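Engineer: Please read through the structure below; I'll follow up with questions.
The values are calculated or read from the model by the stated rules, or taken from the named source; none is laboratory data. None of the values given here were measured: they were computed from a predicted structure. Methodologically, a virtual Cβ is constructed for each residue, glycine included, from the backbone with ideal geometry; neighbour enumeration extends over all protein chains shown. Keep in mind that these areas ignore ligands, DNA and RNA; they rest on the heavy atoms of the full protein, side chains included. Shrake-Rupley method; radii C 1.70, N 1.55, O 1.52, S 1.80 Å.
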Amino acid sequence: MNIQEIVYGWCEPLLHKAHFGDLWASYISLLVNITLLYLLANIIYKVFRYTLVSAMIILARRTKTRFDDLLVTNKTVKYIAYLIPLLYVYKSVPVILRQFVYWESLFGKMVGIYIVLLMLWIIRSILNALRDYLKLNPKFSDKPIDSYIQVIMIFLWVFGVIIIISEIFDIKKETLVGVLGAVSAVIILVFRDTLLGFVASVQVSLNDMVRIGDWITFDRYGADGDVIEINLATVKVRNFDHTTTTIPTYSLISDSFRNWRGMLDSGGRRIKRSILIQPSSIRFMQPVEIENLKQIERLSAYIEKKQHEIEHFNDTHHIDKSLPINGRNLTNFGLFRKYITLYLEQYPGIHKDMTLMCRQLQPTHQGIPLEIYCFSVDKRFENYEYIMSDIFDHILASIPYFDLTVVETGKTTTTITN
């Protein structure tokens, strides 16, 4: 054994102790640095949060727009205040953990993932503030803004997930995009309803098929009420019985539904209802009956005019009036139709500039339908029903004056059809 081996044998325990001491010193130094980093990051967060929130509140008070108020409400400033110390920590990790490669990589990835998620939250809060701001404007209050925001966030989340996965597994983003393209069929299958909802939302918006506030009737889903929400996947309808029906958005373009917006935007709401007249009660009018009907003020001038026309026609064509069927004659049904038309023209709740008529429909085995076709000025449900009921009350009460009979089922029930 030479002198070098003897010296090394004496010094080896001392060297191990020195190495162990250096290792402990490095861990203690790491702990101190992490503690200082946490405290400093917390101080930076509180300073920036106080500064940003205070500045935003002052700005919101001095400006007329409410967009900055909505940014505060949706916590945008709070998320931004979190972002600044996180960026500081992300830049400081390589310096503090340079002697601990494994922990540097792991901790750096965790902070990077949190930064990506925080950026997505910031963007989402800004979009939510923009949504709330646009809904305050009457021009955009009936637009499916929620659907657009959801579509934007889906793309952003997909992009964020790609960044997170590439960060965790150290995969190039181009390679990861290629892999996702290969499994696109699975993605389409999983997000089928979302994709269909997106397409439907775009078509509904571009074609202006449905707006928030529209009254729609969707028999398949039992919906009959006002649209209160339109988003990417569903349309919510508050029915008139105060229940809520949820309809898949894509059903608006795949199925048939009724939108009453055109009626509400027009000058009136349509009244289209008929009563059944007994065919055997329809007949030619006798002169004495015609004279009696002249006492009806609404019909007096019309009967006088028609009598002159009919007498002139029959005299000109030398019609033999020994039988009422010869030539032209007045019928009780025809006079009744004219009376109802004149009554509707004078009724205050009927729109006079829109279609107004009392017409005879094709006879059925039950009777001859006499249909009222007009438009109510008042479109509110209760008033509309009152106007329609008031009109038909008068019609049913007027029928006996024309010696007509309403078709009955049994003895007391009058048949009225829509």
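Engineer: Could you run through the range 254-278 and say how many residues are in contact with a strand residue (DSSP E or B) (Cβ under 9 Å, 6 or more places away or on another chain), under 19 Å from Asn383 (Cα atoms) and open to solvent by 50 Å² or more (accessible area, probe 1.4 Å)?
Structural biologist: Summing the residues that are in contact with a strand residue (DSSP E or B) (Cβ under 9 Å, 6 or more places away or on another chain), under 19 Å from Asn383 (Cα atoms) and open to solvent by 50 Å² or more (accessible area, probe 1.4 Å) in the range 254-278 gives 5.
Listed here are the residues, each with its yes/no results for (1) open to solvent by 50 Å² or more (accessible area, probe 1.4 Å); (2) part of a helix (DSSP H, G or I); (3) touching a strand residue (DSSP E or B) at 6+ places or on another chain (Cβ under 9 Å); (4) farther than 19 Å from Lys272 by Cα.
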site: Ile290; (1), (2), (3), (4): no, yes, no, yes
site: Arg328; (1), (2), (3), (4): yes, no, no, yes
site: Phe336; (1), (2), (3), (4): no, yes, yes, no
site: Tyr339; (1), (2), (3), (4): no, yes, yes, no
site: Leu344; (1), (2), (3), (4): no, yes, yes, no
site: Thr355; (1), (2), (3), (4): yes, no, yes, no
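Engineer: Does the range 194-247 hold any residues that are more than 20 Å from Ile149 (Cα to Cα) and either of a type in the set (Gly, Ala, Ser) or part of a helix (DSSP H, G or I) (or both), and which are they?
Structural biologist: Listed by number, the residues that qualify are Asp219, Arg220, Tyr221, Gly222, Ala223, Gly225.
Engineer: Name the residues in the range 111-166 that are touching a residue at least 40 places away in the same chain (Cβ under 8 Å), open to solvent by 60 Å² or more (accessible area, probe 1.4 Å) and charged (D, E, K, R), would you?
Structural biologist: Result: Lys143, single match.
Engineer: For Gly108, all conditions in the list (1) open to solvent by 40 Å² or more (accessible area, probe 1.4 Å); (2) out of contact with any Gly (no Cβ under 7 Å at 6 or more places or on another chain) hold save one; what is the number of the exception?
Structural biologist: Only one criterion is unmet by Gly108, namely (1).
Engineer: Test Tyr27 against the stated conditions and say whether it is open to solvent by 80 Å² or more (accessible area, probe 1.4 Å), aromatic (Phe, Trp, Tyr) and at pLDDT below 75.
Structural biologist: Spelling it out, Tyr27 is indeed open to solvent by 80 Å² or more (accessible area, probe 1.4 Å), aromatic (Phe, Trp, Tyr) and at pLDDT below 75.
Engineer: For a quick check of your reading of the model, give me the residue pairs whose first member lies in the range 307-323 and is among the β-branched types (Val, Ile, Thr), whose second is open to solvent by 70 Å² or more (accessible area, probe 1.4 Å) and in a loop (DSSP other than H, G, I, E, B), with beta-carbon atoms closer than 9 Å and at least 6 apart or on different chains.
Structural biologist: Hits for this filter: Ile310/Arg328; Ile319/Arg328.
Engineer: Scan Ser274, Ser280 and give me the residue that is part of a helix (DSSP H, G or I) and polar (S, T, N, Q).
Structural biologist: From the options Ser274, Ser280, the qualifying one is Ser280.
Engineer: From the residues in the range 66-89 that are basic (Lys, Arg) and outside any helix (DSSP H, G or I), which one is nearest to Ser54 (Cα to Cα)?
Structural biologist: The residue in question is Lys75.
Quick grid of which residues meet (1) modelled with pLDDT under 75; (2) open to solvent by 80 Å² or more (accessible area, probe 1.4 Å); (3) out of contact with any strand residue (DSSP E or B) (no Cβ under 9 Å at 6 or more places or on another chain); (4) of a type in the set (Asp, Glu):
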{"position": "Asp22", "(1), (2), (3), (4)": "yes, yes, yes, yes"}
{"position": "Thr35", "(1), (2), (3), (4)": "no, no, yes, no"}
{"position": "Leu40", "(1), (2), (3), (4)": "no, no, yes, no"}
{"position": "Lys46", "(1), (2), (3), (4)": "no, yes, yes, no"}
{"position": "Arg49", "(1), (2), (3), (4)": "no, yes, yes, no"}
{"position": "Val77", "(1), (2), (3), (4)": "no, no, yes, no"}
{"position": "Val89", "(1), (2), (3), (4)": "no, no, yes, no"}
{"position": "Leu97", "(1), (2), (3), (4)": "yes, no, yes, no"}
{"position": "Phe100", "(1), (2), (3), (4)": "yes, no, yes, no"}
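Engineer: Glu304 fails exactly one of the following numbered conditions: (1) under 30 Å from Glu382 (Cα atoms); (2) without any contact (Cβ under 8 Å) to a residue 40 or more places away in the chain. What is the number of that condition?
Structural biologist: Failed condition: (1).
Engineer: Oh, and also: Quick check: anything in the range 244-253 within 30 Å of Glu371 (Cα to Cα) and surrounded by fewer than 17 Cβ atoms within 10 Å (Cβ to Cβ)?
Structural biologist: Checked against the condition, which is being within 30 Å of Glu371 (Cα to Cα) and surrounded by fewer than 17 Cβ atoms within 10 Å (Cβ to Cβ), the range 244-253 yields no hits at all.
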